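Worksheet: the structure to be examined is printed underneath.
The values are calculated or read from the model by the stated rules, or taken from the named source; none is laboratory data. Given the structure is predicted, the values throughout are model-derived calculations rather than measurements. Neighbour counts run over all protein chains shown; Cβ positions are idealised from the backbone, glycine included.
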Amino acid sequence: MVRRVSELLAERATESFLGRTEEIAILLRMLETDGDLAVMHVHGAAGIGKSSLLEVYAAQARAQGATVVRLDCRVIEPTPRGFTHELASAIGHGAEEANEIADRLSQIGGRVVLTLDTYEVLHLLDTWLRLAFIPSLGDNVKVVLAGREPPNPAWNVAPEWQGWFGVLSLGPLNDDEAIDVLMRAGVSEPDSIRINRVARGHPLALKLAASTVAQRPELDLEEVAIPTVVRELTRLYLADVDDPMTRRGIEASSVVRRTTQSLLGAMLADAVPHDLYERLGALPILEYGRDGLIMHDAVREAVAAALKASDPARYQDYRRSAWRQLRSEASAAAIADLWRYTADMLYIVENPTIREAFFPSGGQHLAVEPALMEDEGPIMAITRRHDGPRAAEVIEDWWERTPHAFHVVRDKDRSVVGFYCMLDSDQIPRASLEYDPIAAAWMAHLDDVPAPERQRVLFLRRWLCKDGGETPSPVQAACWLDIKRVYMELRPNLRRVYVAVRDLPTYAPVAQELGISPIDNAHRKLDGALYHSAVLDLGPGSVDGWLTGLVATELGVEEDGVLDVGARELVVGGHRVGLTKLEFGVMRHLYEREGRAVSRADLVENVWGYDYQGGSNVVDVVVRSLRKKLGESASVVQTVRGVGYRFRGA
């Protein structure tokens with residue numbers, strides 16, 4: 001009997017993958033016509049085999065006639081725009097609207113499976129997927145989410161998902177499966193039994209052990225926790241890498257999110273990037289991804305921690321070199337490719353204030369959702385609990401005029417435990433400004449210091465937690481995480497964010513660290529309490545330029561020895577030179593577009609503001625002043641005849 005190729009491929013995938021029979025059977029039951037489950041959330045520790053499980057499941061689902069679409073969340077911008085773009089590319093559909101793509105996905109086969117691997121990096125998008133996108137799919141589409149963390153409780157407790165959502169927790173392989181894995185890798189049965197007493201069925205530990213410890217009868221790690229076992233096995237694996245350049249390539253790869261030839265060339269000046277890239281790609285601890293080599297998370301963390309402890313100077317050098325290369329590449333990246341550089345920059349960041357704001361560690365037990373009309377009562381109850389009557393009236397006015405500006409935080413019981421109110425400055429009703437002195441002060445500041453045309457400005461009017469008010473808490477963190485989702489959605493056009501806070505001493509250190517500046521003439525009193533106003537100006541580079549500067553500050557990089565963005569100073573010959581507001585604006589705009597010609601009109605629009613009525617010759621005057629202050633480094637600001645200027649670093 002003639003067999004289908006899909007059946008042979010499924011058999012081959014299954015033959016190389018041992019165990020997980022029960023888990024695969026559960027996933028395959030989703031494809032049954034009378035199956036109720038629409039979404040399955042697979043979770044387990046790093047290295048437990050989630051990606052391998054999805055690969056085998058996909059092969060067997062295809063063998064049963066299903067169409068499978070697999071997405072790696074590491075390459076997806078965590079916004080509806082980024083997700084729909086990636087999914088549209090995967091299914092060969094030109095539309096960018098979510099509803100059109102959902103319809104197309106539902107029509108590409110009688111039974112369709114969508115898998116999202118490394119789902120933990122899509123924290124920012126979880127609510128949108130749960131509330132908007134997945135419900136828009138046809139009932140012939142099944143979705144499998146696979147990540148490190150258990151699902152947000154909202155999936156389990158929301159009435160609409162009862163019976164439609166399942167959870168599958170992956171644990172270690174049993175002893176028989178683990179020993180079989182080792183023996184198929186060429187390890188003898190006695191050694192396999194001994195090694196599994198160390199690896200305890202953890203797939204990544206088994207993989208590392210098969211490569212390194214078969215000839216190490218002295219190894220004794222039986223009482224050590226699995227993360228420590230993985231670290232020790234990684235150390236032994238590196239010790240067995242004889243080639244010094246390959247070992248350095250592994251170290252360099254551990255400090256970046258993804259490894260590319262250009263990054264290897266930047267971090268290892270004496271390497272042949274193409275050759276080293278291929279050598280690394282042949283190692284079992286790295287795999288080829290769509291945009292570079294990816295080191296397994298648990299191995300990467302172990303290598304980076306060991307390098308940082310043993311040679312912190314080299315660890316920092318790798319990070320600085322990677323930053324310079326990524327900044328250079330990002331300056332010329334298309335909008336569609338910009339996310340990968342944003343994610344790369346965020347990975348280099350070690351500052352917990354910044355990193356947690358975009359990629360929080362640990363599971364998320366609170367859900368942030370657009371407010372419903374029935375949420376008015378809880379929102380106002382929280383407001384009256386922490387603010388005075390006049391301040392509460394202002395929030396009530398915002399609710400009546402702009403309910404779409406409110407998002408609520410729900411706990412595992414779906415109760416409202418916090419909220420925030422934020423909207424675009426262009427959407428603010430003038431009547432609200434007459435009623436709210438704080439927003440009116442922000443608008444006055446915006447009138448005095450206008451943002452460039454087509455760049456967006458947000459007013460974050462209030463956020464409160466039911467129990468803690470403004471004070472730092474998991475509820476407040478959930479609000480700020482969702483706000484960062486809006487940042488991502490609006491980049492590269494987001495320019496400025498206004499915010500008000502009563503508890504200034506608590507937030508001042510963090511605000512200063514993030515570049516948030518007070519607006520002295522915009523502080524206002526309501527009910528006798530002083531509300532301090534501040535603004536985050538992201539600069540011409542929007543979110544990405546802001547992040548680049550934050551990473552540079554953390555790494556101690558003085559912006560190629562020319563511009564210190566945080567201090568708004570030139571760094572020339574070891575000396576610092578102050579800049580006027582216009583000089584800094586021109587220099588930063590050119591600097592963040594290194595290597596690209598920038599027209600005078602572009603500079604006028606982005607530095608002076610779109611409503612500036614003077615001529616473009618003002619740019620030449622400021623550039624002359626800049627060059628004078630740059631002294632011997634004046635050549636970094638180059639004239640592009642007939643166009644404008646270009647920054648070309650040394």
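I'd like to verify a number: residues in region 490-521 that are crowded, with 18+ Cβ neighbours inside 10 Å, in contact with a Lys or Arg (Cβ under 7 Å, 6 or more places away or on another chain) and either assigned to a helix (DSSP H, G or I) or not hydrophobic (A, V, I, L, M, F, W, C) (or both), how many?
Total satisfying the criteria: 2.
How many of the residues in region 463-521 are among the charged types (D, E, K, R), farther than 27 Å from Trp128 by Cα and under 23 Å from the mean Cα position of the chain (by Cα)?
Of the residues in region 463-521, the ones among the charged types (D, E, K, R) are 466-467, 470, 482, 484-485, 489, 491, 495-496, 502-503, 513, 520.
Filter once more, so that each one left must be farther than 27 Å from Trp128 by Cα: 502-503, 513, 520.
Filter once more, keeping what is under 23 Å from the mean Cα position of the chain (by Cα): 513.
Qualifying residue count, region 463-521: 1.
Of the residues that make up region 158-175, is at least one out of contact with any helix residue (DSSP H, G or I) (no Cβ under 6 Å at 6 or more places or on another chain), at pLDDT 90 or above and of a type in the set (Gly, Ala, Ser)?
Among the residues of region 158-175, at least one is out of contact with any helix residue (DSSP H, G or I) (no Cβ under 6 Å at 6 or more places or on another chain), at pLDDT 90 or above and of a type in the set (Gly, Ala, Ser), which makes the answer yes.
Which condition number does Ile101 fail, the rest of (1) buried (at least 21 other Cβ atoms within 10 Å of the Cβ); (2) within 16 Å of Met40 (Cα to Cα) being met?
Here Ile101 clears every test but (2).
Does Glu77 satisfy the condition of being charged (D, E, K, R), surrounded by fewer than 20 Cβ atoms within 10 Å (Cβ to Cβ) and not in a strand (DSSP E or B)? Steps first, please.
Values: charged (D, E, K, R): yes; surrounded by fewer than 20 Cβ atoms within 10 Å (Cβ to Cβ): no; not in a strand (DSSP E or B): yes.
No: the conditions fail for Glu77.
Got at least one residue in region 599-619 being at pLDDT 85 or above, surrounded by 13 or more Cβ atoms within 10 Å (Cβ to Cβ) and more than 35 Å from the chain's Cα centre (by Cα)?
Yes: region 599-619 contains one or more residues that are at pLDDT 85 or above, surrounded by 13 or more Cβ atoms within 10 Å (Cβ to Cβ) and more than 35 Å from the chain's Cα centre (by Cα).
So is Leu530 at negative phi, surrounded by fewer than 17 Cβ atoms within 10 Å (Cβ to Cβ), part of a strand (DSSP E or B) and not basic (Lys, Arg) or not? Walk me through it before giving the result.
Working: at negative phi: yes; surrounded by fewer than 17 Cβ atoms within 10 Å (Cβ to Cβ): yes; part of a strand (DSSP E or B): yes; not basic (Lys, Arg): yes.
Taking the combined requirement at face value, the residue satisfies it.
Would you call Arg462 surrounded by 20 or more Cβ atoms within 10 Å (Cβ to Cβ), in contact (Cβ under 8 Å) with a residue 40 or more places away in the chain and over 24 Å from Met380 (Cα atoms)?
Working: surrounded by 20 or more Cβ atoms within 10 Å (Cβ to Cβ): yes; in contact (Cβ under 8 Å) with a residue 40 or more places away in the chain: yes; over 24 Å from Met380 (Cα atoms): no.
So Arg462 fails the test.
Suppose the filter is surrounded by fewer than 19 Cβ atoms within 10 Å (Cβ to Cβ), part of a helix (DSSP H, G or I) and outside the structural domain of Trp339 (by TED's automatic domain parsing); does Thr228 pass it? Spell out the reasoning first.
Numbers: surrounded by fewer than 19 Cβ atoms within 10 Å (Cβ to Cβ): yes; part of a helix (DSSP H, G or I): yes; outside the structural domain of Trp339 (by TED's automatic domain parsing): yes.
The answer is yes for Thr228.
Spot the failing condition for Ala298; the list is (1) within 21 Å of the chain's Cα centre (by Cα); (2) at pLDDT 90 or above, and only one is missed.
Condition not satisfied by Ala298: (2).
Go through (1) modelled with pLDDT of 95 or more; (2) under 30 Å from Gln162 (Cα atoms) and name the single condition Leu458 misses.
Against the list (1) modelled with pLDDT of 95 or more; (2) under 30 Å from Gln162 (Cα atoms), Leu458 comes up short only on (2).
Would you say Gly585 is modelled with pLDDT of 80 or more, crowded, with 18+ Cβ neighbours inside 10 Å and within 34 Å of the chain's Cα centre (by Cα)? Quick ask: steps written out before the conclusion?
Values: modelled with pLDDT of 80 or more: yes; crowded, with 18+ Cβ neighbours inside 10 Å: yes; within 34 Å of the chain's Cα centre (by Cα): yes.
For Gly585, the condition - modelled with pLDDT of 80 or more, crowded, with 18+ Cβ neighbours inside 10 Å and within 34 Å of the chain's Cα centre (by Cα) - is met.
Among Leu504, Leu547, Leu582, which is the only one that is assigned by TED's automatic domain parsing to the domain that holds Ala441 and in contact with a helix residue (DSSP H, G or I) (Cβ under 9 Å, 6 or more places away or on another chain)? Quick ask: steps written out before the conclusion?
On the way: Leu547 fails: assigned by TED's automatic domain parsing to the domain that holds Ala441; Leu582 fails: assigned by TED's automatic domain parsing to the domain that holds Ala441.
Sole residue among the options that is assigned by TED's automatic domain parsing to the domain that holds Ala441 and in contact with a helix residue (DSSP H, G or I) (Cβ under 9 Å, 6 or more places away or on another chain): Leu504.
Across region 168-183, which residue is farthest from Arg148 (Cα to Cα) among those that are in contact (Cβ under 8 Å) with a residue 60 or more places away in the chain and surrounded by fewer than 21 Cβ atoms within 10 Å (Cβ to Cβ)?
In this case the residue turns out to be Asp180.
Among the residues of region 274-298, what is the count of those that are touching a Phe, Trp or Tyr at 6+ places or on another chain (Cβ under 8 Å) and part of a helix (DSSP H, G or I)?
Result for region 274-298: 1.
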